[in-house]
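FYI, it's all coordinate maths here, none of it is from the lab. Everything quoted here is computed from the prediction, not taken from an experiment. In this analysis, Cβ positions are derived from the backbone assuming ideal geometry, glycine residues included, and neighbour counts consider all displayed protein chains.
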Amino acid sequence: VKIVTQTSVLQKTLRSLRRKGRTIGFVPTMGCLHEGHLSLVRRARRENDIVVVSIFVNPLQFGPREDLKTYPRQLPKDIRLLRGSCDIVFAPSRTSFYPEDFSTFVEVRGLSDRLCGHSRPGHFRGVATVVAKLFCAASPDRAYFGQKDAQQVAVIQKMCRDLGFPLDLKVCPIVREKDGLAMSSRNLYLTPSERRDAVVLFQALKSGQHLAAQGQRDAARIVRTLEDFIRRTRTAKIDYIAIVDPLSFEPVKTIARQALLLLAVFIGKTRLIDNAVLKVT
Ligand code: PAF
């Protein structure tokens, strides 16, 4: 794996590869890689000649009271994990990526203010800005994101449409632990008993899917049932439960055929998100 820390070096290296006709697959990450990230990297490997993974804990997407300082960092281990499946790791320093006079931001209005954007003001502006900057650095043919961060995917899709980034965005399935907990770097924050409790998110999604499959179309009823279910777990505190249109992320009242069930739940101090498609049959 080649490690690159300067944007200009990455651009020069990739330009020469592109000139030779090589296609570039890009997986942006904040490091602390787990099987979810590695599944994106493997798919990028299958679909492209060159695979670039960025590892950068993006300060812009953390709120003032969030976990930027404690976010797990393990660059040497991440590089070992990527050996064999990735060609270039792009790991810029904070100061080289955002020099002191940095003052340009990307804001996807509307979509960024709801749900996670409501609970985490400025989060999606930080995500859109860093992803736009990373896309400019890597100019990939394809970029890979996980469906776990469903709203992030929607924000980035909209940004790509609005700004005309010439790339193919690939959304990959959620990778889960054996008990169903969606993989996330933040799972590391959970104590052993919180880790056991965290399965409540997956159980709630399953229960929502079951209700919809049984013909329950009333979104508010499903949400109420899931609220009652999650509240039975002592360490769980609901941030939001929402049923939205999969494309617009607008809340739906009645599930027509398909909708997206989104959960954000604190387990102790750790905020976890997860989602699943609801299908009414
Ligand atoms: O999903 C993530 O890990 C981050 O939000 C991303 C896309 C790498 C931007 O920092």
Inset, instruction - Could you list all residues from region 54-84 that are away from the ligand (no atom under 16 Å from the Cβ) and either surrounded by 16 or more Cβ atoms within 10 Å (Cβ to Cβ) or under 11 Å from residue 31 (Cα atoms) (or both)? - result: 76, 77, 79
Inset, instruction - Could you list, in sequence order, all residues of region 119-151 that are near the ligand (Cβ under 10 Å from one of its atoms), within 11 Å of the chain's Cα centre (by Cα) and surrounded by fewer than 22 Cβ atoms within 10 Å (Cβ to Cβ)? - result: 145, 148, 149
Legend entry - Residue among 180, 268, 208 that is more than 23 Å from residue 158 (Cα to Cα) and in contact with a Phe, Trp or Tyr (Cβ under 6 Å, 6 or more places away or on another chain): 180
Legend entry - Odd one out for residue 213 among (1) out of contact with any Gly (no Cβ under 7 Å at 6 or more places or on another chain); (2) within 16 Å of the ligand (Cβ to nearest atom); (3) over 25 Å from residue 47 (Cβ atoms): (2)
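Condition check ((1) part of a strand (DSSP E or B); (2) closer than 25 Å to residue 171 by Cβ; (3) in contact (Cβ under 8 Å) with a residue 24 or more places away in the chain; (4) not aliphatic (A, V, I, L, M)) across all residues:
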{"residue": "9", "(1), (2), (3), (4)": "no, no, no, no"}
{"residue": "18", "(1), (2), (3), (4)": "no, yes, yes, yes"}
{"residue": "22", "(1), (2), (3), (4)": "no, yes, yes, yes"}
{"residue": "33", "(1), (2), (3), (4)": "no, yes, yes, no"}
{"residue": "42", "(1), (2), (3), (4)": "no, yes, yes, yes"}
{"residue": "60", "(1), (2), (3), (4)": "no, yes, yes, no"}
{"residue": "63", "(1), (2), (3), (4)": "no, no, yes, yes"}
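Just the residues that are assigned to a helix (DSSP H, G or I) and under 19 Å from the mean Cα position of the chain (by Cα), please, taken from region 192-250. Spell out the reasoning first.
Looking only at region 192-250, we keep the residues that are assigned to a helix (DSSP H, G or I), and these are 192-197, 200-213, 219-231.
Scanning region 192-250 gives 201, 202, 205.
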Legend entry - Filter result for the condition that a residue is within 25 Å of residue 129 (Cβ to Cβ), out of contact with any Asp or Glu (no Cβ under 9 Å at 6 or more places or on another chain) and not in a loop (DSSP other than H, G, I, E, B), over 38, 68, 14: 14
Legend entry - Candidate set from region 153-172 (those that are loosely packed, with under 15 Cβ neighbours inside 10 Å and touching a residue at least 40 places away in the same chain (Cβ under 8 Å)); member that is farthest from residue 114 (Cα to Cα): 163
Inset, instruction - Pairs only if they're at least six apart or on different chains, beta carbon under 6 angstrom, first in region 243-256 and hydroxyl-bearing (Ser, Thr, Tyr), second surrounded by 12 or more Cβ atoms within 10 Å (Cβ to Cβ); list them, first residue then second. - result: 254/217
Inset, instruction - Name every residue in region 44-58 that is over 19 Å from residue 9 (Cβ atoms) and in contact (Cβ under 8 Å) with a residue 60 or more places away in the chain, in order of residue number. - result: 44, 47, 48, 58
